[in-house]
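These notes are about the structure you will find just below.
The values are calculated or read from the model by the stated rules, or taken from the named source; none is laboratory data. These figures come from a predicted structure and were not determined experimentally. Don't worry about glycine lacking a Cβ; one is built from the backbone with ideal geometry, like all the others, and counts go over all protein chains shown. Note: areas computed on protein heavy atoms with side chains; ligands, DNA, RNA excluded. Shrake-Rupley method; radii C 1.70, N 1.55, O 1.52, S 1.80 Å.
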Amino acid sequence: MCATCGCDSGSKTTYKLLDKDDHDHPHTHVHPHTQDHAHDQDYSHPAQKTIIDVEQDVLSQNNLLAQRNRGYFEGRNILALNLVSSPGSGKTSLLERTLNDLKSELEFAVIEGDQQTTNDADRIQATGTKVTQINTGKGCHLDAHMILHALQGMKPKENSVLFIENVGNLVCPAMFDLGEKERIVIISVTEGDDKPLKYPDMFHSSTLCIINKIDLLPYVPFDMEKVKSNAKKVNHHLEIIEVSCISGEGLPLWYNWLKSKVLQPETV
Amino acid sequence: MHELSIVMNIIQIAEQQAKAANASVVDEIELDIGTMSGIDMDSMDFAWEQAVKQTMLQNSVRKVNRIKAKAKCLDCGAEFAIEKYYDACPACGEHLLDILQGTELRVKSLTVS
Ligand SMILES: Nc1nc2c(ncn2[C@@H]2O[C@H](COP(=O)(O)OP(=O)(O)OP(=O)(O)O)[C@@H](O)[C@H]2O)c(=O)[nH]1
Ligand SMILES: [Mg+2]
Ligand SMILES: [Zn+2]
Ligand SMILES: [Zn+2]
Ligand SMILES: [Zn+2]
Ligand SMILES: [Zn+2]
């Protein structure tokens, strides 16, 4: 058993999804409770019904572990950043550029979330940065529990920046707090300008939006002003930075943002 | 499909509570799910049907309170119902809103035996 969180093991099989045909009752939606539970003998449970007021947040377990991670980060002055985007928007590319350009100034560590491969982790490792790969299998998002276990193995240095590249998916990572300080949503100009309206939860829960691949602006229909105003409608606190990981345009703005977060003293 | 992991969390919470009450069956479960909680109810139904098999919730009657989202305009103070984060204030047309309710995702109560 895992001593830190009490889970059964470090295993990835967190979900029990039984196969369609392994059970013999019909698949109606909500099963009407008609049988009346007339277990005459042998049943130890009391016959009368008890009502329990639960009032518990469904994500409370994740939120609890996220708070634990947050405490870990704060205690070590680690700036943890959760990078989310659709598949292929440029999360890994942005990290590669950033690590190469800033590694002489800042201490970095990276957690890579991916369903199957270690391709992204290999790309990060090539920059000389410490990286841990989490393969989620079928899981389409990282959760706080996975981060906790990744941290146990990697022990990022004090006063460092920890990038967490989430699984490419703009839907469910929005619901799972990892304990990060800031959430950064990345979109690219090849994705269409209605992204913020289609995936409002993600834009609402992020603090910075990076619009990537602006080198391609001449070739694609992408209304920059419209995207920005859509994003602001969803989240009026959202900061927006335009970059290209290929040409390097806009990256200094991103680097300034990053450094300002690192230097920022403990907020009240 | 985060609805599956959401359902797994719900089952975990319910079974924990039921066991603590020395019960072996969850007869009814009542959930609060806000209209802006990020849950797609069709996906939820699908995931539910699969995930409750061979659990204490296998035959549970599920009651869902859909809590309608409401926001307050930070410009003019009006309170109104919304469906999306980007809805405008019907009074002044601004988008500076704070969500008052509608993001709930909660196990409210259980009936166990
Ligand atoms: N033209 C252009 N291409 C880019 C830019 N940034 C990334 N790309 C390309 O976009 C593709 C995807 O980039 P990645 O960095 O792997 O994207 P990702 O978000 O990490 O992808 P997943 O991890 O699979 O979700 C690669 O072929 C990159 O070379 C950019 O600024 N401009
Ligand atoms: Mg990647
Ligand atoms: Zn664990
Ligand atoms: Zn997911
Ligand atoms: Zn108003
Ligand atoms: Zn605000």
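Assorted remarks:
- Some residue of the range B:25-46 being in contact (Cβ under 8 Å) with a residue 12 or more places away in the chain, over 24 Å from A:CYS172 (Cβ atoms) and more than 9 Å from every other protein chain (Cβ to nearest Cβ): yes
- Identification of strands (runs of 3 or more DSSP E) wholly contained in the range A:41-129 with 2 or more residues that are open to solvent by 50 Å² or more (accessible area, probe 1.4 Å) yields A:50-57.
- Boolean, A:GLU180 is more than 16 Å from ligand 4 (Cβ to nearest atom), touching a Phe, Trp or Tyr at 6+ places or on another chain (Cβ under 9 Å) and under 24 Å from A:ASP114 (Cα atoms): yes
- Looking across the range A:215-252, the residues that are within 23 Å of the chain's Cα centre (by Cα) and open to solvent by 60 Å² or more (accessible area, probe 1.4 Å) come down to A:LYS232, A:LYS233, A:HIS237, A:GLU239.
- Residue list for the range B:1-21, filter: at the interface with chain A (Cβ under 7 Å from one of its Cβ atoms) and farther than 25 Å from A:GLY137 by Cβ: B:GLN17, B:ALA21
- Selection from the range B:60-89 of residues that are open to solvent by 40 Å² or more (accessible area, probe 1.4 Å), part of a loop (DSSP other than H, G, I, E, B) and more than 10 Å from chain A (Cβ to nearest Cβ): B:LYS68, B:ASP75, B:CYS76, B:GLU83
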